[in-house]
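Report on one structure; see the data block that follows.
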Amino acid sequence: MIHPSRFFRLPSGVVALATMALAATAQAAPVQVTVTIENLAPANSIAFAPLHLGFHQGVFDAFNAGQAASPAIVSVAEGGSGTVWQADFAATEPNATRGVIGGALLPGQSRSAVFTVDPSLNRYVTFASMVIPSNDYFIGNDSPTEYGLFDASGQLQINAINLTAGEIWNAGSEAFSVAGAAFLVNGNNDLRTDENGVVGLRFAPLSGFNGETTAAGYVFDSQLSAGTSIYRIGFAVAAVPEPQTYVLMVAALLTLAGLGRRRAAQV
């Protein structure tokens, strides 16, 4: 009879490593979120500057309707760079996952980017992009908790954010002018005049650019009404690929287990 003590046992160090690996995988796992943006506006209508995007805890608030535009949202609405928006976001929520989906997005175009997000930590999504051509028009969410991308258990609950022309914001920071507008052949975004207004929903003045040649070479024609679809942000979630360290650990454990079976068979 073989005494139970002679059965193969994994070394205590290996068991400890395995326990750590199992504990790590048992926690809420990060996911890969593929974000796809689409310009749904009519041909020759509005385009969009790079999209500034962040997954966060619902604290960062870039602007408020009816109030003067913050430097953060002005950095998006006037020129589209978003440098202050990104810096303020990072300072307010250092654990947020932030990024930019870059390049001018013309009517009919789409782009995608992948972000690694902890859904238990960063449940909400915030975004902002300049509408072009314009002086200070943009899209974005007024409330930081407007879009809860994940529920409390970490499950995706929003597949897409769909925007219409009636949801275009005017920052109220720069007066309307063709000469000072971005994305026009005859415009120079450095030629700005302070408006001293407040943030509000407004799209109709964009028709004032009709007939102007855009930087992309097409003649602008707004064609917008309040219900016109202009922008879509789509979300798809997949598991993050298993870290290589865990793969190697599993392989080592399987190898040791095989050795143990052979050793026990020889007893």
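Once you have a ≥ b ≥ c as the square roots of the Cα gyration tensor eigenvalues for region 165-228, tell me rounded if a/c is under 1.5, and otherwise prolate or oblate according to whether a/b is larger than b/c.
Because a/c hits 1.5 or more and a/b fails to exceed b/c, region 165-228 counts as oblate.
Mind ranking 74, 237 by accessible surface for me, highest first, 1.4 Å probe?
Final ranking, largest accessible area leading: 237, 74.
Under a crude label model (7 Å from the Cα following the beta-carbon direction), how far is residue 238 from residue 68 in nanometres?
About 4.7 nm, to one decimal.
In the neighborhood of residue 39, defined by Cβ-to-Cβ distances under 10 Å, what is the net charge if each Lys or Arg adds +1 and each Asp or Glu adds -1?
For residues surrounding residue 39, the net value is +1.
Under the rule a/c < 1.5 gives rounded, and otherwise a/b versus b/c splits prolate from oblate, where does region 68-137 land using the Cα gyration tensor?
Since a/c reaches 1.5 but b/c is at least a/b, the shape of region 68-137 is classed as oblate.
Residue 219 to residue 114: extension gain in nm, 0.36 nm per residue of separation minus the Cα-Cα distance?
34.5 nm
For residue 81 and residue 210, compute 0.36 nm times the residue count separating them, minus their Cα-Cα distance, and round to one decimal in nm.
Computed gain between residue 81 and residue 210 is 44.0 nm.
Pull out the extension gain between residue 188 and residue 32, defined as 0.36 nm times the separation in residues minus the alpha carbon to alpha carbon distance; nm, one decimal.
The span from residue 188 to residue 32 would gain 52.2 nm if fully extended.
The values are calculated or read from the model by the stated rules, or taken from the named source; none is laboratory data. Fair warning: this is a prediction, and the values are worked out from it, not measured in the lab. Glycine gets a Cβ as well: all are built from the backbone with ideal geometry, and neighbour counts include every protein chain shown. Surface areas here come from the heavy atoms of the whole protein model, side chains and all, with no ligands, DNA or RNA. Shrake-Rupley method; radii C 1.70, N 1.55, O 1.52, S 1.80 Å.
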